[in-house]
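Chemist: Take this structure first; my questions come after.
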Amino acid sequence: QVQLVESGGGLVQTGGSLRLSCAASGSIFSVKRMGWYRQAPGKQRELVAGITTTGSTNYADSVKGRFTISISRDNAKNTVSLQMNGLKPEDTAVYSCFANAYRGDYWGQGTQVTVSS
């Protein structure tokens, strides 16, 4: 089992910045990739950014150049962070951390990001 605990999120004005973090604990040796999805009201869930445990990254086209994902690892936990700069109202959504592991996928509880115009 992998446990995910998210932090960050909140309300920010257009052009502002926020940082999301997600700490994975438990069977972290089985984790291959971590990242963030988001879902806005009335819209489908979309992948925002992902990173493998070896550091390979991928981003949604809509966030490239504005968001940066990173990962830190130690014996007890993996922590993935998403630095979000230049936020726009269309970035408003619930952001959920995920972990792809050899034995399944795991999800965080979700955190709200609201960007006011």
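The values are calculated or read from the model by the stated rules, or taken from the named source; none is laboratory data. Quantities reported herein were computed from a predicted structural model and do not represent experimental measurements. Neighbour counts are summed over all protein chains in view; Cβ atoms, including those assigned to glycine, are modelled from backbone coordinates with ideal geometry. Note: accessible area is taken over every heavy atom of the protein model, side chains too, but ligands, DNA and RNA are not part of it. Shrake-Rupley method; radii C 1.70, N 1.55, O 1.52, S 1.80 Å.
Chemist: Please enumerate the residues belonging to the stretch 98-111 that are open to solvent by less than 30 Å² (accessible area, probe 1.4 Å) and in a strand (DSSP E or B).
Modeler: PHE98, ALA99, ALA101, GLY104, THR111 - these are the residues of the stretch 98-111 that are open to solvent by less than 30 Å² (accessible area, probe 1.4 Å) and in a strand (DSSP E or B).
Chemist: Looking at the stretch 1-33, which of its residues are in a loop (DSSP other than H, G, I, E, B), loosely packed, with under 14 Cβ neighbours inside 10 Å and within 17 Å of the chain's Cα centre (by Cα)?
Modeler: Passing the criteria: only SER17.
Chemist: For the stretch 76-97: of the residues being of a type outside the set (Val, Ile, Thr) and over 16 Å from VAL63 (Cβ atoms), which is surrounded by the most Cβ atoms within 10 Å (Cβ to Cβ)?
Modeler: Among residues in the stretch 76-97 that are of a type outside the set (Val, Ile, Thr) and over 16 Å from VAL63 (Cβ atoms), the one surrounded by the most Cβ atoms within 10 Å (Cβ to Cβ) is ASN78.
Chemist: Of the residues that sit in the stretch 97-117 and are of a type in the set (Val, Ile, Thr) and out of contact with any Pro (no Cβ under 6 Å at 6 or more places or on another chain), which one is farthest from GLY9 (Cα to Cα)?
Modeler: Selected residue: THR114.
Chemist: To continue, here is another question. Filter the stretch 77-117 for residues that are aromatic (Phe, Trp, Tyr) and at pLDDT 95 or above; which is nearest to GLY42 (Cα to Cα)?
Modeler: Here the answer is TYR95.
Chemist: Separate question: I'd like to know if the stretch 56-67 contains one or more residues that are open to solvent by less than 50 Å² (accessible area, probe 1.4 Å) and in a strand (DSSP E or B).
Modeler: Taking every residue of the stretch 56-67 in turn, at least one turns out to be open to solvent by less than 50 Å² (accessible area, probe 1.4 Å) and in a strand (DSSP E or B).
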